[in-house]
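Asker: Take a look at this one; I'll ask things after.
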Amino acid sequence: MERPRHQGMAKNTYMRWRLPLVCLLWEVAMIVLFGVFVRFGPEADAHWEEEKQQMNLTSDIENDFYFRYPSFQDVHVMIFVGFGFLMTFLKRYGFGAVGFNFLLAAFGIQWALLMQGWFHSFKSGKILIGVENLINADFCVGSVCIAFGAILGKSSPVQVLIMTLFQVTLFAVNEYILLNLLHVKDAGGSMTIHTFGAYFGLTVARILYRPNLEQSKDKQGSVYHSDLFAIIGTLYLWMYWPSFNSAISEHGDAQHRAAINTYCSLAACVLTTVAFSSMLQKKGKLDMVHIQNATLAGGVAVGTSAEMMLTPYGSLIVGFICGIVSTVGYVYLTPFLESRLHIQDTCGVHNLHGMPGIIGGIVGAITAAAATEDVYGKEGFIKAFDFTGPYQTRTASVQGGFQAAGIVVSLLMAFGGGALVGAILKLPFWGDAADENCFEDDIYWEVPEDEESDVYHMHNPDKPASP
Amino acid sequence: MERPRHQGMAKNTYMRWRLPLVCLLWEVAMIVLFGVFVRFGPEADAHWEEEKQQMNLTSDIENDFYFRYPSFQDVHVMIFVGFGFLMTFLKRYGFGAVGFNFLLAAFGIQWALLMQGWFHSFKSGKILIGVENLINADFCVGSVCIAFGAILGKSSPVQVLIMTLFQVTLFAVNEYILLNLLHVKDAGGSMTIHTFGAYFGLTVARILYRPNLEQSKDKQGSVYHSDLFAIIGTLYLWMYWPSFNSAISEHGDAQHRAAINTYCSLAACVLTTVAFSSMLQKKGKLDMVHIQNATLAGGVAVGTSAEMMLTPYGSLIVGFICGIVSTVGYVYLTPFLESRLHIQDTCGVHNLHGMPGIIGGIVGAITAAAATEDVYGKEGFIKAFDFTGPYQTRTASVQGGFQAAGIVVSLLMAFGGGALVGAILKLPFWGDAADENCFEDDIYWEVPEDEESDVYHMHNPDKPASP
Amino acid sequence: MERPRHQGMAKNTYMRWRLPLVCLLWEVAMIVLFGVFVRFGPEADAHWEEEKQQMNLTSDIENDFYFRYPSFQDVHVMIFVGFGFLMTFLKRYGFGAVGFNFLLAAFGIQWALLMQGWFHSFKSGKILIGVENLINADFCVGSVCIAFGAILGKSSPVQVLIMTLFQVTLFAVNEYILLNLLHVKDAGGSMTIHTFGAYFGLTVARILYRPNLEQSKDKQGSVYHSDLFAIIGTLYLWMYWPSFNSAISEHGDAQHRAAINTYCSLAACVLTTVAFSSMLQKKGKLDMVHIQNATLAGGVAVGTSAEMMLTPYGSLIVGFICGIVSTVGYVYLTPFLESRLHIQDTCGVHNLHGMPGIIGGIVGAITAAAATEDVYGKEGFIKAFDFTGPYQTRTASVQGGFQAAGIVVSLLMAFGGGALVGAILKLPFWGDAADENCFEDDIYWEVPEDEESDVYHMHNPDKPASP
């Protein structure tokens, strides 16, 4: 009777056949599709020597590995350690947070290489991949990690894998519409990654609404050490965000700019987060949830404009505002979303990715619309917005309009896709936990005997050691 | 009565208006100053295309992002994860350690960009920033993180922010004196960062001396898991230290040399730390405090000389000595400083940054004084010490003298500045905790209900659950 | 009587003179040998300016620090944080896991610089070192970290240091035989690092077999938080493994290929690990041990072939298989090894490095044997396998044969060397713990008073606080 965990398992969370089946089926599909479609790009193919001669290159410097790869590794750390550990704040869901994030990302990057490859790297029947594709796959998966934050603790690993399959697909479609059809700039993905990911996840969470979730309320909080694990995630996201926003920018000035703008925005964001975290709490104490999350909003909000001439002080202003918006969101909006709109947003992705993502889209639209040849230089202006080929007559204000359209399209895709996927995930056979078992690793994981109970018994030799 | 934490709060630690006010005020000041002064440097400005044509460059390789940025990211990790987690060893001050370090560094880098910018990157009324400025800002903030280690657990976040403001200012002045007026070499900052930071912090700690600090003695230790969190910080500092010492060295040979020397010194330091940690303890057991800290002394101690021809075996010798000095310091000197000199050095920064910093300055002076054209080559000699322009007649031994002067100047700035800032921080309205509440997150943070107590009650169903 | 830890210390684990003596002796030896033999390579020497003029280079780009250094840093993190934290899963051996790994690696890299230097970088009486040597030293030490995993918790730090000395030596000999005499390709070290390291460690563990180890069985498991620390190690190994396998590949296409192949193999491996972890457990729950370890087998298994034209789908297949093999190994083989072969493999290195290492060697042999000029291009073929000089007549199938020979040689060296070193470590004066004290930090470390016991006493004011 001491451990009420296993009581009342009204739902069947038995994963033994469902989870292996999904994993194996999808991995076999990946192998077949990779076999048919995926090949090394010219930079990675052993024929490079001949390519080099044809291109009259004398040195391998033009094909250097280190002209993107360090950015890839930073982004990679953000996806797996950053997002993974950021979600370990729950006292009894650390395995699920970091483990399911690992699982979804490992599957997602494979599927993203295919989906994004068909749209962007498809040549004579083959997808040719290189380091830049790896970065883009991580980006795509980032949006799934965000959506996962909205349903964390309430979903089975099978549901997570199904969501990943659909969300990666829709991400690639949305990205294609924005980047290729609307010719929109979104280097750090304020729209494609954050806005889309957050509202997709929130829509799914809305459809999976659990009216009796207060039954697992005691497990929704953190404990001292879980908060320290979570801030590892925060810091890696925060530190490497300049790499994220600059990872796929053009070599040269754009990449420097993207890093500097992001750095400035993030720095400002920390101060307003701390200010409002203290101000909004009666006793004036800081809330770890805000420090873990709202400090990152500044990175989200310059995701579109970072490679533009936002300028350092412009970035500080964006970060300043977003630290406030995000913290206020955690204090007032999250409870409102749950009680009125029936959206149970476990990690508060609406505050960290939703609102800052939309702000990022708007800031990007304004910055683009306000661009002039004076600020960018004649050639810099064309290069920054890629006003070449069919777009050579596009003006800055028209570009601003298309940027704004990108926000709307991303939102529509998120709501539509989220509704569809939510409906699929609501089917009763995916093995999600009963309300009283949410936020509890014990459902899907072999959890080791508690250290605390060991110690307890050690110090109570009089009490029998049976649990 | 079970939780004595909230008892006897003689001091007013209420942060609700003070902390937000300071954060917002200073961030607004940053925005205004950035708006007036800070612009993108040529590498990051969209006019780069024109610059490139004027400079007759055909490729963006000459403006490559990856010719400093990986070093920047490593240094960035050291400041936020390295220093932040190194200080989480205290059993109940993990939030404060990593959180206030985050806060001070996020503010400090902005202020450092301005202060260092005015001294070093000021052109026609504007500060032009690039990736190298970001590295230097992190360096500057590193010295504040060090000083923070001396007052960890005994100061309010408002005090920390005030100290950051002043210390960054004084750091920039000291750095200007050393690098520009004395023309001293100090790539890894043995003098500017470590010596200055440590003795500044120790002077502040001396002035804030708390005679009755033994009242919070039970919280000054670590627990098992907090020691594991702390060693995350140690390892990131240790692993990335070669990047730290080489981050702003000249491209080419100097950078390689700085990394290799640092790597060697750190490796040797680990072995003598382990040796002396075991030797100085009666039972011969290792002390985690030494492993967490003294293993890093080797990196501090080659901060000045790493880019010189210290040679690998020279580096091993320096690391060998510093592991011993630092470990002995933790065992004998820290208690002495507290009991006799009334300096309560929470993290032992005197052993990790103070003494090794001075040793680093001295090793740098000797290595410079001993430099010959034979060892460096004719051009290498000039390049290594930048003996050009007004300094082209300076000899190696004169350089050694100036290097030694740099140590003295850094110490004087640290003592003077520390005394001034200590006096300011001693004013009674900054909200620092009473002696019995030091080293306790509960004062400034919303701390989650203990996991352990949950478990405890879970296993004691007979006992009423009221805390 | 409450704490049985200190009871029955039949063995003398007193380290006070033994450990310091070994550390100091060996570090002094390193200083002397470095002094006699080690000098900066031309890239790091201050004479570079003259070298540059002789080579007619106009820019430092040809000597760029960042054309290997980012790979070095990633590998460095894998050795110290990756391996160190991966082994912190034990509930009471976190200090030993991360601390002794730190110690052995810090010593090992110095000795490896010498050993590998004599074999590969020896010119006119001096070992000339650069960044690539640092990477190779980390690689060599990686094999010791692997072997350490097999004896974790059962060996004294003195034993670990002795094993490091011998294993590094034998590693360098084995590496020389494979790379120079057999002219084998093994960029990521499936054979030299993983196969050799694992079977060396397993042989040592066999010889140090403890029949009564079940006396410390209660300490062989994990606790909730220790599993989270361990997965930090897992993730850093997983994320940076593409850097590991590509770190010393030729610039240009080979490096891209190595990273992409490794990335694919690792991604597939996660899905089959999850599938089989769930499938092989009666309740269908996931086992953290599998997620922590078997997900990495895909990186091991492409260690030889990653820089070859394995192709992305080939890599997926390898990862697919290895996730299964490794997970099945943890479930069925580890207990079998212990009960029948008397090999107590604490971390299951046989499943993570042993079998996948051999598979990696075989995959490499097959991929090499199947190589054609059609797939690689004429010049690419020669370059990929370095069929120049004395090897210009070697064919793909002959190369495949030599690759296979490399596996056999590595295994023989591991068994022979492991037997020798195991016999030395069995001598009774190295201070290893008694069976009932294995897997317990308290033997070699000052362990802080338990947090849990504090809390316990705090909540039990009636009970006297004496432990």
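The values are calculated or read from the model by the stated rules, or taken from the named source; none is laboratory data. Since the model is a prediction, treat every value here as computed from it, not as a measurement. So basically every Cβ, Gly included, is an ideal-geometry build from the backbone, and we count neighbours across all protein chains shown.
Asker: Does the range C:381-391 contain at least one residue that is more than 14 Å from every other protein chain (Cβ to nearest Cβ) and among the basic types (K, R)?
Answerer: no
Asker: Residues in the range C:15-36: is at least one among the small types (G, A, S) and more than 19 Å from the chain's Cα centre (by Cα)?
Answerer: Among the residues of the range C:15-36, at least one is among the small types (G, A, S) and more than 19 Å from the chain's Cα centre (by Cα), which makes the answer yes.
Asker: Continuing with this model, one more query. If you check C:A105, C:A10, C:A112, C:A44, which single one turns out to be surrounded by 21 or more Cβ atoms within 10 Å (Cβ to Cβ) and modelled with pLDDT under 95?
Answerer: Of the residues listed, the single one that is surrounded by 21 or more Cβ atoms within 10 Å (Cβ to Cβ) and modelled with pLDDT under 95 is C:A44.
Asker: When the range C:281-292 is examined, which residues are found to be more than 7 Å from every other protein chain (Cβ to nearest Cβ) and at pLDDT 95 or above?
Answerer: Answer for the range C:281-292, where residues must be more than 7 Å from every other protein chain (Cβ to nearest Cβ) and at pLDDT 95 or above: C:V289, C:H290, C:Q292.
Asker: Being more than 8 Å from chain B (Cβ to nearest Cβ) and within 16 Å of B:V289 (Cα to Cα) is the filter here; which residues of the range C:87-96 pass it?
Answerer: Listed by number, the list holds a single entry, C:G96.
Asker: On to the next question. Going through B:S326, B:S278 one at a time, which residue ends up being within 14 Å of another protein chain (Cβ to nearest Cβ), modelled with pLDDT of 95 or more and either surrounded by 24 or more Cβ atoms within 10 Å (Cβ to Cβ) or out of contact with any Pro (no Cβ under 9 Å at 6 or more places or on another chain) (or both)?
Answerer: B:S278
Asker: Hand me the list of helices (runs of 4 or more DSSP H) wholly inside the range C:286-359 holding 2 or more residues that are within 30 Å of C:P211 (Cα to Cα).
Answerer: So the answer is C:288-293, C:312-328, C:334-339.
Asker: State the number of residues belonging to the range B:179-191 that are within 14 Å of another protein chain (Cβ to nearest Cβ) and hydroxyl-bearing (S, T, Y).
Answerer: 0
Rundown of residues vs (1) of a type in the set (S, T, N, Q); (2) at pLDDT 95 or above; (3) not in a helix (DSSP H, G or I), yes/no style:
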site	(1), (2), (3)
C:L165	no, yes, no
C:V184	no, yes, yes
C:A187	no, no, yes
C:F229	no, yes, no
C:L235	no, yes, no
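Asker: I've got another one for you. Here are the criteria: (1) modelled with pLDDT under 95; (2) part of a helix (DSSP H, G or I); (3) of a type outside the set (F, W, Y). Tell me which single one C:P428 does not satisfy.
Answerer: (2)
Asker: Within the range A:364-403, how many residues are basic (K, R) and free of Cβ contacts under 8 Å to residues at least 40 places away in the same chain?
Answerer: Residues flagged as basic (K, R) and free of Cβ contacts under 8 Å to residues at least 40 places away in the same chain within the range A:364-403 amount to 1.
Asker: How many residues does the range B:241-275 contain that are of a type outside the set (G, A, S) and more than 7 Å from chain C (Cβ to nearest Cβ)?
Answerer: Residues meeting the conditions: 12.
Asker: Follow-up question, since we're still on this one. Please verify whether A:A306 is within 30 Å of B:I162 (Cα to Cα), at pLDDT 95 or above and either crowded, with 24+ Cβ neighbours inside 10 Å or not polar (S, T, N, Q) (or both), treating the condition exactly as stated.
Answerer: No: the conditions fail for A:A306.
Asker: A further question follows. Within the range B:332-351, count every residue that is farther than 18 Å from B:F415 by Cα and buried (at least 24 other Cβ atoms within 10 Å of the Cβ).
Answerer: Result for the range B:332-351: 2.
Asker: Under 20 Å from A:E338 (Cβ atoms) and within 19 Å of the chain's Cα centre (by Cα): which single residue out of A:A137, A:A150, A:A172 fits that description?
Answerer: The conditions single out A:A150.
Asker: C:H342: modelled with pLDDT of 95 or more and at positive phi, yes or no?
Answerer: Yes.
Asker: Among the residues of the range B:192-237, which ones are within 7 Å of chain C (Cβ to nearest Cβ) and touching a residue at least 24 places away in the same chain (Cβ under 8 Å)?
Answerer: B:G221, B:S222, B:V223, B:D227, B:I231
Asker: Within the range A:260-273, can one find any residue that is touching a strand residue (DSSP E or B) at 6+ places or on another chain (Cβ under 8 Å), at pLDDT 95 or above and outside any helix (DSSP H, G or I)?
Answerer: no
Asker: Need pairs with beta-carbon distance below 6 Å; first residue among the small types (G, A, S) and within the range A:312-341, second part of a loop (DSSP other than H, G, I, E, B) and surrounded by 24 or more Cβ atoms within 10 Å (Cβ to Cβ); sequence gap 6+ or separate chains.
Answerer: So the pair list comes out as A:S315/A:V302.
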